[in-house]
Amino acid sequence: TQLLEQSPQFLSIQEGENLTVYCNSSSVFSSLQWYRQEPGEGPVLLVTVVTGGEVKKLKRLTFQFGDARKDSSLHITAAQPGDTGLYLCAGAGAGNMLTFGGGTRLMVKP
Amino acid sequence: DVKVTQSSRYLVKRTGEKVFLECVQDMDHENMFWYRQDPGLGLRLIYFSYDVKMKEKGDIPEGYSVSREKKERFSLILESASTNQTSMYLCASSLVTDYGYTFGSGTRLTVV
């Protein structure tokens, strides 16, 4: 069974602060995806990283895939209240399936 | 704009009722999935399907069944609803796993 552990589980910060969310596993994944979910809605795909060591930037969000393709991080620069939500990482592994992490609930206070 | 549409946003049902949750996607995706999401437990896979009339059990299939008669439609059935099935139900579809899943907006089901 492939497991993905996300940390921290909860994060409450002030607007303008930086933060990093981590996603770790002992398994190798062919790709790693990050989703954001707002209250009452389904998760929305933010990015997919597929190459070990890959870094992708989406405005103030920076995503990194570990060299061994077992871990990933999401860094947000100068967080804004609009970044509030549940962030989920998901790894693509055996059987054409995604394994989801437990999520990081982020609250950015004005 | 590509979409996964779940028929109801909120649903309240009585214990013992048979409940149907409908999901339709317009992206011609082969793969469709049903998850439930509960606080502290994350997303748990109930059933998935890779093709019409094909279904596979996920991690928590007990008390549920599914139907996929057409490629675009994947239905989740609660045979006899129980209070422990109160949850947020999410449907998703994908073409290739590495490209990611598209989720519906979810159905918040309350069983009383």
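The values are calculated or read from the model by the stated rules, or taken from the named source; none is laboratory data. These figures come from a predicted structure and were not determined experimentally. Backbone-built Cβ (ideal geometry, glycine too); neighbour counts: all protein chains shown. To get the accessible areas, we keep the full protein, side chains included, count just its heavy atoms, and leave off ligands, DNA and RNA. Shrake-Rupley method; radii C 1.70, N 1.55, O 1.52, S 1.80 Å.
At 1.4 Å probe size, put A:Thr99, A:Thr104, B:Thr86 in order of accessible surface, largest to smallest. Please report the intermediate quantities before stating the final value.
Working: A:Thr99 30, A:Thr104 0, B:Thr86 55 Å².
The most accessible residue leads, giving B:Thr86, A:Thr99, A:Thr104.
If the convex hull of the alpha-carbon atoms of the protein assembly as shown is projected onto planes in all directions, what is the mean projected area in square nanometres? Each step should come with its number before you reach the end.
Details: hull surface 47.7 nm².
Value for the protein assembly as shown: 11.9 nm².
Can you pull the one-decimal nm distance between simple spin-label points at A:Lys57 and B:Phe20, each 7 Å off the Cα toward Cβ?
Between A:Lys57 and B:Phe20, the label points sit 5.1 nm apart.
Order A:Lys59, A:Lys70, B:Lys57, B:Lys3, most accessible first, counting only protein heavy atoms with a 1.4 angstrom probe. Show your work: numbers first, answer last.
Numbers: A:Lys59 200, A:Lys70 75, B:Lys57 135, B:Lys3 115 Å².
From most exposed to least exposed: A:Lys59, B:Lys57, B:Lys3, A:Lys70.
What does the buried accessible surface come to for A and B, summed over both chains, with the probe at 1.4 Å? Round to 100 Å². Don't skip to the answer; put the middle values down first.
Details: alone 6040 and 6280 Å², together 10820 Å².
In total, chains A and B hide about 1500 Å² from solvent.
For the range A:73-110, which residues drop by 30 square angstrom or more in accessible area between the chain on its own and all protein chains together (1.4 Å probe)?
So the qualifying set is A:Asn96, A:Met97, A:Leu98, A:Phe100.
Skip the ligands, DNA and RNA, and give the accessible area per residue of the range B:6-112 with a 1.4 Å probe, whole Å². Intermediate values should be presented prior to the final figure.
On the way: 5070 Å² over 107 residues.
Counting only protein heavy atoms, the per-residue value for the range B:6-112 is 47 Å².
Could you state the accessible area per residue of chain A in Å², with a 1.4 Å probe and every protein chain left in place?
48
Given a 1.4 Å probe and every protein chain left where it sits, what share in percent of the accessible area of chain B is carbon and sulfur? Display every interim value, and only then the final one.
Numbers: 2720 of 5530 Å².
The value for chain B is 49 percent carbon and sulfur by accessible area.
Decide, for chain A, between rounded, prolate and oblate: order the square roots of the alpha carbon gyration tensor eigenvalues as a ≥ b ≥ c, take rounded if a/c falls under 1.5, and otherwise choose prolate if a/b is larger than b/c, else oblate.
prolate
Can you check what the net charge comes to around B:Gln85, using other residues whose Cβ is under 11 Å from the Cβ of B:Gln85 (Lys, Arg +1; Asp, Glu -1)? Write out the running numbers ahead of the final one.
Values: positive: B:Lys13, B:Arg36; negative: B:Glu17, B:Asp38, B:Glu62, B:Glu79.
Every neighbour counted, the sum reads -2.
Quick one: which of B:105-112, B:11-18 comes out on top by average Cβ neighbours within 10 Å, and what's the full order, highest first?
Details: B:105-112: 17.5, B:11-18: 11.9.
Ranking the peptides B:105-112, B:11-18 by packing returns B:105-112, B:11-18.
Which links in A:Lys109/B:Lys55; B:Lys18/B:Lys53; A:Lys70/B:Lys55; B:Lys18/B:Lys70; A:Lys109/B:Lys18 stretch past 32 Å when you go from one Cα to the other? If you can, show how the numbers build up before the last one.
On the way: A:Lys109/B:Lys55 44 Å; B:Lys18/B:Lys53 21 Å; A:Lys70/B:Lys55 29 Å; B:Lys18/B:Lys70 21 Å; A:Lys109/B:Lys18 43 Å.
In this structure, A:Lys109/B:Lys55; A:Lys109/B:Lys18 exceed 32 Å between Cα atoms.
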